């Protein structure tokens, strides 16, 4: 096979990135980016044209994000089948050759029996509903040659819930049979032609989507290896749109859309103007990881959203000193920690920045000449602020975290603030720590932190081979333009922070390293999506580079526009693998497999 194009495309991207960074001014003497010094005026806030660019970017992204998100119809009534039997009476002369089962939550075994007279039954097959089979359309093929009049499905072990069972004839058409449990035969019209990610769960949705449903129904959750808040937010989409793929993916996608204006605001606060924030937001919107990860019903999206909020509010406090912003930073930290522990890494970064701020204040107080030494000028504000942080970064986040376990308490009948409820919370912390510290599983698409830096090993979420030499896949990794360009921008930030003592550069580096460094010391199974929180700081660091060009080069617009345009073009090239569109196998390997380690 001719791999000329395969290699030419990444080489072309690499050459562009090198040329782009060669446009940077002399970092020893150039003007460094400065944060916005003034808020929008009242007229600017009211002028719709001020907000039009980010509104258009967000709208266009939202359309692509919700496109083919998942089916909005699926069985909604689930029956606990442990020890129960459902019996279908078939019309004359029609016999089942296949049975489609839509599995709910729970694990267990089903056994299928056929009978000609309703008295004598023969075993025709069985189906095991494990954790992988939940919230999916599964196929049960009866064994042997039978011409039954009656079909029985019995939950023979475990505690499986079943949403629907559809009997199919030899032509694959549903058989209009009456059932002794009507709830298992009332939604046959939701049955698809075949199982795909559009109508069934995939990857870790088998854990998180089912747990969200269990929270809504007062059941003890299956997935308890992460804090509850992410699944609780996820369950809001189920309340709005039902227990459907669209419903359980809705909130993550919505939060992914909302990240764009949030990123825009942070970029605007960091660098001012409108062009740089818009271009940085476009690069973020075109990122593969942001797109793929927010469209799957897992909890990482919520953690990353709250991490962005944390750093926005901390930056505002560092610039303006308003306690309101510091309080909102602490609240965001509490919400993020209750969604996923990766937010604790961000909290460590916040602590480093907070401590650095007060060290600067202490040095400034000690260095003031011509003033009588007054220890109170530093220590009293520091102690007051420390007490404030104890409330908003420990006590209130602790309360948020504690309250997030309400569904656990309800499932066990434990009243809030009771010793039993508290024990549930504490026991889960011990379980989570032991679980994550002792994971020794393997996975074909796992990767280590140093592979994330260069996009070496994406994670394959879904793969299905279709007719006509096509395949459908869902893959999560960074847009190479962002990944490789963002890595280069980190060296620019490092220079500016070390040799120019630039606070903005240091702020962004701390944020990035706080999310990455913990994974350096973690030996458990890891995946490319663990780089998602770090990737938002790659966007911000590129914003820093864009601002450097803007403030020092007259011809900065063509280069930054080209950077954003290239990001969008590469996103469009890989869109089929991010959205699950069928793609020709030859085209996939010829155009998209830039590295041998990419599963494309």
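Bear in mind these aren't lab numbers, they're just calculated from the coordinates by the rules spelled out. Note that the structure is predicted; figures quoted are calculated from it, not measured. Please note: Cβ atoms are built from the backbone with ideal geometry, for glycine as well, and neighbour counts cover all protein chains shown.
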- Message: Could you compute how fast the range 79-190 diffuses translationally, taking Rh as the Kirkwood radius over C-alpha pairs and applying Stokes-Einstein at 4 °C with viscosity 1.567 mPa s? Give it in µm² per second.
- Response: 94
- Message: I'd like the distance separating the alpha-carbon centroids of the range 474-549 and the range 176-200, in whole Å.
- Response: 47
- Reduced to Cα centres, the span from the range 217-250 to the range 557-571 in Å works out to 37
- Item | Acute angle (nearest 10 degrees) that the helix 300-320 long axis makes with the longest principal axis of the chain, alpha-carbon atoms | 20
- Message: Given points 7 Å out from each Cα along the Cα-Cβ axis, report the residue 501 to residue 555 separation in nanometres with one decimal.
- Response: 3.6
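When ranked by the protection proxy of mean other Cβ atoms within 10 Å per residue, highest first, what sequence do the peptides 197-209, 277-289 form?
On the way: 197-209: 22.7, 277-289: 25.8.
Taking the mean over residues of other Cβ atoms within 10 Å, the ranking is 277-289, 197-209.
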- Mean Cβ count within 10 Å, highest first, over the residues of peptides 458-468, 220-230: 220-230, 458-468
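Nearest 500 deg cm²/dmol is fine: what mean residue ellipticity at 222 nm does the chain get from its DSSP H runs of n ≥ 4 alone, each adding -39,500 (n - 2.57), divided by its residue count? Spell out each step's value before the answer.
Values: 21 runs with 312 residues, N = 600.
It comes out at -17000 deg cm²/dmol, rounded to the nearest 500.
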- Task: Using only Cα atoms, find the angle between the long axis of helix 229-241 and the longest principal axis of the chain, and express it within 0 to 90 degrees, rounded to the nearest 10.
- Result: 60
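Could you tell me the relative contact order of the range 496-586? Use alpha-carbon pairs under 8 Å, at least six residues apart, and round to a whole percent.
Result for the range 496-586 is 19 percent.
Taking R0 as 30 Å, what's the FRET efficiency between residue 126 and residue 216 from their Cβ-Cβ distance, rounded to 0.05? Could you put the intermediate results ahead of the total?
Values: r = 30 Å, r/R0 = 1.00.
About 0.50, to the nearest 0.05.
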- Nearest 10 degrees, 0 to 90: what angle lies between the long axis of helix 245-271 and the longest principal axis of the chain (Cα atoms)? 10
- Report the equivalent ellipsoid semi-axes for the chain in whole Å, largest first, defined as the square roots of five times the eigenvalues of the gyration tensor built from alpha carbon atoms. 50, 30, 19
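Between residue 438 and residue 322, 0.36 nm times their residue separation minus their Cα-Cα distance comes to what? Let's see the in-between values first.
Details: separation 116, 0.36 × 116 = 41.76 nm, distance 4.26 nm.
Going from the current span to full extension adds 37.5 nm.
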- Distance between the range 117-156 and the range 296-346 - C-alpha centres, whole angstrom: 50
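So if R0 is 51 Å, what FRET efficiency would residue 525 and residue 239 give, r being the distance between their Cβ atoms, rounded to the nearest 0.05? List each step's numbers first, then the result.
Values: r = 33 Å, r/R0 = 0.64.
Efficiency for this residue pair is about 0.95.
By how many nm would the segment from residue 56 to residue 116 lengthen if fully extended, with 0.36 nm per residue of separation less the alpha-carbon distance? Intermediate results must be reported in sequence, preceding the final value.
On the way: separation 60, 0.36 × 60 = 21.60 nm, distance 6.35 nm.
Result for the pair: 15.3 nm of gain on full extension.
Would you please put 174-182, 296-304 in order of how densely packed they are, using the mean number of other Cβ atoms within 10 angstrom per residue and starting with the highest? Please list the in-between numbers first.
Working: 174-182: 15.1, 296-304: 27.0.
Ranking, from highest mean packing down: 296-304, 174-182.
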- Message: Under a crude label model (7 Å from the Cα following the beta-carbon direction), how far is residue 422 from residue 597 in nanometres?
- Response: 4.8
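Normalising by the residue count of the chain, find the relative contact order in percent from Cα pairs under 8 Å and 6+ residues apart.
Details: 1022 pairs, mean separation 100.0, N = 600.
Normalised by residue count, the contact order of the chain is 17 percent.
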- the range 516-600: C-alpha gyration tensor shape, a/c 1.5 cut-off, then a/b vs b/c: oblate
- Note on the structure: the range 79-190: relative contact order from alpha carbon pairs under 8 Å, six or more residues apart, as a whole percent, is 42
